[in-house]
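The values are calculated or read from the model by the stated rules, or taken from the named source; none is laboratory data. Just so it is clear, the structure is predicted and the values come from calculations on it, not from any experiment. FYI the Cβ positions are ideal-geometry reconstructions off the backbone, even for glycines, and counts take in every protein chain you see.
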Amino acid sequence: MTDLSQRELTLISAMNDRIGDTMPAMARLCTGESPDLFRSLLSRIGDKWTLLVIGILGTDRRRFTEIAELIPGISRRMLTVTLRALERDGLITRTVYAEVPPRVEYELTDLGRSLQALALSLAEWVSDNQHQISDHRRRFDDMAQGTSDEAERGQSVPVRPNRS
């Protein structure tokens, strides 16, 4: 296990101070006034592409093709779906210019910019921890494969405790 950097320790300390007694528990947030809306927004923000689009837009206006080029692996259809959902939620604006060919640009709204700092913090966390998580995945998969091989050979297999 690696030691936490001073930056990470400071961030954790600040988060703990913020949470304290005044921050509602996640369970209360999930079941509060509008639980379906709350969960749908978490789902929107936590999907595979949203945070990447938010991070890519930054303070710039960008055309569809620019965004697509900056996000490897996203299909044109999925980028369209993501951009429309973000526009619907008020996180981006879409401006169409009456030109031939038509020019369409996307940019973050103030609401979208308020999410950007969180998106970038999360991206930094992923970047800082991706190798460690990859190692855990590999060990887990190796152990699961070993368990599968033992079961096929008729050997006893240790049961993992249920964590739900």
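Values for this structure:
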quantity: Of all residues making up region 25-53, the number that are exposed (fewer than 14 other Cβ atoms within 10 Å of the Cβ), of a type in the set (A, V, I, L, M) and within 19 Å of the chain's Cα centre (by Cα); calculated: 4
quantity: Some residue of region 84-94 being surrounded by 15 or more Cβ atoms within 10 Å (Cβ to Cβ), more than 30 Å from residue 8 (Cα to Cα), of a type outside the set (D, E, K, R) and out of contact with any Ser or Thr (no Cβ under 7 Å at 6 or more places or on another chain); calculated: yes
quantity: Any hit, region 96-103, residues being within 23 Å of residue 49 (Cβ to Cβ), without any contact (Cβ under 8 Å) to a residue 40 or more places away in the chain and either of a type in the set (D, E, K, R) or surrounded by 13 or more Cβ atoms within 10 Å (Cβ to Cβ) (or both); calculated: no
quantity: Positions within region 96-131 being assigned to a strand (DSSP E or B) and either among the hydrophobic types (A, V, I, L, M, F, W, C) or on the phi > 0 side of the Ramachandran plot (or both), in sequence order; calculated: 96, 104, 108
quantity: Pick from region 88-123, criterion in contact with a Phe, Trp or Tyr (Cβ under 8 Å, 6 or more places away or on another chain) and of a type in the set (D, E, K, R), ranking: modelled with the lowest pLDDT; calculated: 103
